[in-house]
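These notes concern the structure reproduced below.
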There are 4 protein chains.
Amino acid sequence: MTAAVSAVKAALRNQAIETPSWAYGNSGTRFKVFAQPGVPRTPREKLDDAARVHAHTGVAPSVALHIPWDRVDDYAALARHAEERGLRIGAINANVFQDDEYRLGSVCHPDAAVRRKALDHLLECVDIMDATGSGDLKLWFADGTNYPGQDDVRARQDRLAEALAAVYERLGEGQRMLLEYKLFEPAFYTTDVPDWGTAYAHCLKLGEKAQVVVDTGHHAPGTNIEFIVAVLLREGKLGGFDFNSRFYADDDLMVGAADPFQLFRIMYEVVRGGGHESRTAFMLDQCHNIEPKIPAIIRSVMNVQEATAKALLVDREALSAAQAEGDVLAANAVLMDAYNTDVRPLLAEVREEMGLDPDPIAAYHRSGWAERITEDRKDGRQAGWGA
Amino acid sequence: MTAAVSAVKAALRNQAIETPSWAYGNSGTRFKVFAQPGVPRTPREKLDDAARVHAHTGVAPSVALHIPWDRVDDYAALARHAEERGLRIGAINANVFQDDEYRLGSVCHPDAAVRRKALDHLLECVDIMDATGSGDLKLWFADGTNYPGQDDVRARQDRLAEALAAVYERLGEGQRMLLEYKLFEPAFYTTDVPDWGTAYAHCLKLGEKAQVVVDTGHHAPGTNIEFIVAVLLREGKLGGFDFNSRFYADDDLMVGAADPFQLFRIMYEVVRGGGHESRTAFMLDQCHNIEPKIPAIIRSVMNVQEATAKALLVDREALSAAQAEGDVLAANAVLMDAYNTDVRPLLAEVREEMGLDPDPIAAYHRSGWAERITEDRKDGRQAGWGA
Amino acid sequence: MTAAVSAVKAALRNQAIETPSWAYGNSGTRFKVFAQPGVPRTPREKLDDAARVHAHTGVAPSVALHIPWDRVDDYAALARHAEERGLRIGAINANVFQDDEYRLGSVCHPDAAVRRKALDHLLECVDIMDATGSGDLKLWFADGTNYPGQDDVRARQDRLAEALAAVYERLGEGQRMLLEYKLFEPAFYTTDVPDWGTAYAHCLKLGEKAQVVVDTGHHAPGTNIEFIVAVLLREGKLGGFDFNSRFYADDDLMVGAADPFQLFRIMYEVVRGGGHESRTAFMLDQCHNIEPKIPAIIRSVMNVQEATAKALLVDREALSAAQAEGDVLAANAVLMDAYNTDVRPLLAEVREEMGLDPDPIAAYHRSGWAERITEDRKDGRQAGWGA
Amino acid sequence: MTAAVSAVKAALRNQAIETPSWAYGNSGTRFKVFAQPGVPRTPREKLDDAARVHAHTGVAPSVALHIPWDRVDDYAALARHAEERGLRIGAINANVFQDDEYRLGSVCHPDAAVRRKALDHLLECVDIMDATGSGDLKLWFADGTNYPGQDDVRARQDRLAEALAAVYERLGEGQRMLLEYKLFEPAFYTTDVPDWGTAYAHCLKLGEKAQVVVDTGHHAPGTNIEFIVAVLLREGKLGGFDFNSRFYADDDLMVGAADPFQLFRIMYEVVRGGGHESRTAFMLDQCHNIEPKIPAIIRSVMNVQEATAKALLVDREALSAAQAEGDVLAANAVLMDAYNTDVRPLLAEVREEMGLDPDPIAAYHRSGWAERITEDRKDGRQAGWGA
């Protein structure tokens, strides 16, 4: 084994991909949510499922929570439940879009009382961070408008800035605020944080603890996501990813399923910019509407691993040389050589070196977990988005 | 009044815009459905609301039903309820996407039993047409796949063709099958009827009673919808419209709200191709997620009227002359002259001549209907999509 | 005349729309440039044509130059030529994309010698600003890559920053640097300034004299341009516009031709943000590939005027009231009321009050200018992009 | 070697990918054409270069011509020149967009004289087919309009149908008409054949010899191209491909460069539908604006080969089984298993079995051809699009 391959393997062993609690619950479109057997009924059961993903992949050690979907009485106990299963609590995701008051927005709402309510929820999320040891507050706002004239676009920015400042102020040592942007949906005319530029401008004013989250499904058609990744890393403002994939809009398919080459290019810019060795959070944010959830999440973790492996295998020296000479085809060929490599054997080796089954999907199916939860969780109300 | 203006007014008086029963019920996104006060609880109450729209606009005489959302024991009685309120039943919209069996499709499903179930529902819809006097069966299939490889794209076309043929066979005298296409959602990789070409190819093979429906929100970015309208009219295959508007995807905003110039161009091609004097159905298909439903539907009807009025006002002779000379700017100016005209006074006159209030929105607000239904419909379960 | 209408008229009289010298020359697509009769052969003849546009509209007092397309020996003489025709020199547009050395970029090129050459050209443009009295340096970079791996995305940002800083340093009192962004073309994988966020981030670091230019054709499908305008005005970073319109990509059609409602919404945010009273530059940047150039430019100026007039007519008080109450339909209706107003009579009045013909297009056609230049400019080489 | 691998190899050996004469000449964007050393000056020199591509790949035996770019006095002699180099003449591509008369269109032009001129050119192209032995007439029309109202959309369809019928009538035994569609460019409002539906509808009326060409760069964002391929194959109407790739619009990059997974999915549907064993033409249509042309074309041919190899390796039996069971993840995994396979060793073997160097790019570079043409073709006028 060359030193290079050894370093690649080390990087792959140390990778950490966060899975989201809500991906274990039911999800769907506005047309239909298809319930699945064995879906968790409680936050603890979501953690139990997440633990299976980590057990089979070895690189999914943290779980993001979504409040109020994961609201419990005792967050410290929830964190201990995670810890006992080899997990830790990842980002706390705030939800200020599902109460009736939020029909016209939350922190950007024209009514100060609604804004106050939303802000209180955000501050509560920081409390939960304190209680669970989470380091990241993830903020996605559904705020926006559906019709031209509906509200004052600029005033909404002022309200947004005010709320963000209040939350930022509350952050403790080592805690970050990760601000997500999204082109559209559920707002269909304006969205108050529609692009990375808006998120970046707010984070810049807030300070070092505020960083931007790139959700790979939240862009206009044709957007070069890896460019944004490269620029944000250069600015020190890439807080993390919400991984998923899409053919059309925010389809929330398994990451790497729609455009594996794009995922590779993104991971290459991460590696190029040192993002894999920084605090950048690599989170999944997906919906498994028609496919079984746990194996879909394992597959997604594996897709990120494969893209990362290929990115790590790029011959950086040869690439730089070709780039410096302006040899377009040679430079492209260096990159494609890594992409065209079948990294599955390498990852199988990495897993075996970690004491894992080289085929996590097969191992999961053999484990009997699916059958067990189908049986155990027959009664009660399955977790879901509750839209 | 010139003969031309008189003809325009006559055309506007005779316009018929169909409203959909489901637009009176609650709707939303996958993130949240915001319930509204006064929303109907039954199909009859939806018809009552539709009657208000017709009373104030004079051009909304029919209502589309959606089965099973509008399932009743006695469809003939439902039709009489409509008739007593000056309405008739419009298109019957089939729903083969909300039963659990439809997770992987309906008429295109790999399992013949599911296909049979779906077909039975479509045939039931024709029974309902018979019972209600409806002339149109509107077919929109959510069928598709989310992941490459998930199913055989071509085999699904075969299954689709088989189901359509069976339904077509069942159609009675004067009954049409209107086939709708949609780029994506809820399927995110392939959709089995994704574009007008696919719908057209199937309708062509089926025969004269099968025609294409253009939903204005169901296209890829950049698609020239009026071109499709012109081509389908030329082919005798434009069955009707599902009007709404969008900035991004299938946003389902009020028609004319996002791009009034596009609506005008569409209506110009309709007028140019004689579609306003044919059996082409002009239906709304919208979601009023954050705005009150009845006034939003009235506004939508008015928006179609205004676009139609402008289209009718185009100086066709001057336009043809400029086009024949290849005078790009002059030809464009003729069209824009009509578009830039404020047709609201003309439409106010038309309404007064029809014995209506010239301002339908104001008249509705004065009518007390909103207050009355808010009070009367307090209890019980509001109608909605039931996703 | 009410005080309000009087203020609207005053604003319209004081409006200043800059026309670009290159719009008077031949242009086309990669498939064909269709030459037109009477096209200018020299920068002075372009100014002569621009003077006609100003003579008929009264609101087009400045002309943007493009170097080297408008290179002359004596720039001060060129400025005097403009002045004698009632014009002044507007923005100086740098061109670092047409020399053979720029095949792989200019200021972002991997080769320092090419970067130096490009920088020298930019500095020369500031010299030309000094000589002509121009206040604005407009920078659009064709820089980018066509293939993944072709060059180092992040290193290119470093090189870009270095060049911009050197140019910024050279700016004199009252001179601005306007940085333009563009999604794609002529680069087809990465573009080094692809979005407003990237332009904004660079301008922020440079200082107050650096501002962002919004070219209305340079966005991904679905981008909400008026949102960007509102945000940049809020940040004090909106330097100006390159107006044009598009259905697909950077089509460079006459502004307002493709989506007049969008242009209105943009101008509304300008008015809302005080941009019409600031130093924001309102420039056209269009190609008249198939239509005669001078009347097309006059029409474009008129389109901006009409959108501005409608924006000024918005009942801001009523709008704010409806917005504050969260009355979605009422707020939208206030905006639409202004949009649906036919402002052509108002603008005709404004022109008459300015001593102009109320119909600039007709007046131009009557003037005999088209016939005169067709005759006078028969010989010699017509100006064009020289691609 | 299993029977399966043997069959895959046989299919790969028999593959035929057509290269376009114009890809060997200079090309660019409207902003700049960067000339390259060694570019052919004559149609014969283009064939000489094409012969090198075939010599190194073994699967590029035919060359498409573009008239008038490849106009010669003696077409039979040109065909012999090809034959002597182991090539044959592929599709004849008509050009009715570069004469001044075509400013407003060709076969759809409002002026009958222009339409006649265009038709004559199309008929001349069939003469050239007769003289060269070409079997395919490829028709791409730049026809369309830039502004709403500019011309009558529907009348243009009538004119188009008339011209196509006249050309179809002229086709001889074994000759096909391949009709291409394109979303936009150079027309920016309407395009007369903008989508596969329009092309299909015309071809259907014309008859069996008329088929649709899919140019992979000619679609709206989000269009599922492999779906169109599957549907056209099912209808017996897939005439061929114009391969290239794009991130944004019709970028004309090397096929497989922007989205190799999409190319694989397309080739999978081809294989699934038997297109690789039919008369479907696999043509490249690309621009090599910044990269050296011959190696770029070799790379493109290799990219198609690799995608085809992966498509052929799909375990169809396992796929069908998973699809029939509705096992979404398993079905997707079967497809991805083939895609993730590194097929370069297999293709190297195939080449060696064909007596070729396993690395065509390296072999080309070693051949000295680039140096030779750079020297030999120093003088004279390089071939290009002549826009």
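The values are calculated or read from the model by the stated rules, or taken from the named source; none is laboratory data. What you see is a predicted model, and the numbers here were worked out from it, not measured in a lab. Positions of Cβ are backbone-derived with ideal geometry, glycine not excepted, and every protein chain shown enters the neighbour counts. Just so you know, the surface numbers come from the protein's heavy atoms only, side chains and all, with ligands and any DNA or RNA stripped out. Shrake-Rupley method; radii C 1.70, N 1.55, O 1.52, S 1.80 Å.
The percentage of C-alpha pairs in chain A whose separation is greater than 27 Å is 49%. Between B:Lys205 and C:Asp327, the modelled label-to-label distance comes to 5.5 nm, taking each label 7 Å out from Cα in the direction of the beta carbon.
Give the percent of DSSP beta bridges with both residues in the protein assembly as shown that are antiparallel, rounded to the nearest 5.
In the protein assembly as shown, approximately 15 percent of DSSP beta bridges are antiparallel ones.
Peptide A:244-254: average number of partner chain Cβ atoms within 10 Å per residue?
6
Sorted largest first, the spans of the alpha carbon positions of region D:306-368 along the three principal axes are 55, 18, 12 Å.
Over region C:43-155, the alpha carbon radius of gyration divided by the compact-protein estimate 2.2 N^0.38 Å works out to 1.26. Peptide D:320-328 has a mean of 6 when you count, residue by residue, the C-beta atoms of other protein chains within 10 Å of its C-beta.
Quick check on chain A: of the DSSP beta bridges with both residues there, what percent are antiparallel, nearest 5%?
Antiparallel bridges: around 15 percent, rounded to the nearest 5.
Only helical DSSP H runs with n ≥ 4 go in: add -39500 (n - 2.57) per run for the protein assembly as shown, normalise by residue count and round the 222 nm mean residue ellipticity to 500 deg cm²/dmol. Taken over the protein assembly as shown, the calculation gives -14500 deg cm²/dmol.
Taking Lys and Arg as +1 and Asp and Glu as -1, the other residues whose beta-carbon sits under 10 Å from that of B:Arg366 total -2. Listed by chain and number, the aspartates and glutamates placed with their C-alpha closer than 15 angstrom to that of A:Lys205 are A:Asp158, A:Glu162, A:Glu169, A:Glu235, C:Glu235; residues fewer than eight positions away on the same chain are left out.
Within the shell defined by Cβ-Cβ distances under 10 Å, the residues around A:Ser62 carry a net charge of -1, with Lys and Arg each +1 and Asp and Glu each -1. Working from Cα pairs under 8 Å separated by at least six residues, relative contact order for chain A is 20 percent. A 1.4 Å probe run over region D:75-222, with the rest of the protein chains in place, finds 30 Å² accessible per residue.
With a 1.4 Å probe and all protein chains left in place, how much of the accessible area of region B:248-382 comes from carbon and sulfur atoms, in whole percent? Ligands and nucleic acids excluded, carbon and sulfur reach 47 percent. I want the local charge near B:Asp130. Using Cβ-Cβ distances under 11 Å, sum +1 for each Lys or Arg and -1 for each Asp or Glu among the other residues. Combined, the nearby Lys, Arg, Asp and Glu give -2. Model label sites at B:Arg13 and C:Asp99, defined 7 Å from Cα along the beta-carbon direction, differ in position by 7.3 nm.
Could you work out the per residue convex hull volume over the alpha carbons of region A:120-192, in cubic angstrom?
86
Reducing region C:29-68 and region A:30-82 to their Cα centroids gives an inter-centroid distance of 65 Å. Interface burial in region B:26-43, defined as at least 30 Å² less accessible area with all protein chains than with the chain alone at a 1.4 Å probe, covers B:Thr29, B:Arg30, B:Phe31, B:Lys32, B:Phe34. The alpha-carbon atoms of region D:213-312, seen along their principal axes, cover 39, 27, 21 angstrom, with the largest extent given first. Here the scattering of region A:262-387 is modelled by Debye summation over its C-alpha atoms, one equal scatterer each and no solvent; at q = 0.15, 0.16, 0.17, 0.22 Å⁻¹ the log10 of I(q)/I(0) is -0.87, -0.94, -1.02, -1.32. Working note: Cα gyration tensor of region B:150-282, eigenvalues times five, square-rooted, sorted largest first, giving semi-axes of 24, 20, 11 Å. For the chain pair A and C, buried accessible area totals roughly 4400 Å², probe 1.4 Å, rounded to the nearest 100. Inter-chain neighbour count for A:200-207: the average number of beta-carbon atoms from partner chains within 10 Å of each residue's beta-carbon is 2. Listed by chain and number, the lysines whose C-alpha is less than 30 Å from the C-alpha of D:Lys378, apart from same-chain residues fewer than 8 away, are C:Lys32, C:Lys117, D:Lys32, D:Lys46, D:Lys293. For the protein assembly as shown, the Cα-based Rg and Dmax, in that order, read 31.7, 92 Å. In the elastic network of chain A, a GNM with C-alpha springs shorter than 10 Å, the most mobile of A:Arg265, A:Arg85, A:Arg316 is A:Arg316.
Computed from the C-beta positions of D:Thr42 and C:Arg44, the FRET efficiency with R₀ = 35 Å rounds to 0.25.
The lysines whose alpha-carbon is closer than 19 Å to the alpha-carbon of B:Lys310, local same-chain residues fewer than 8 away aside, are B:Lys9, C:Lys310. Hey, for a label at B:Glu349 modelled as a point 7 Å past Cα toward Cβ, could you say which residues of region B:4-44 have their backbone N under 16 Å away? B:4-14, by backbone N distance to the label point.
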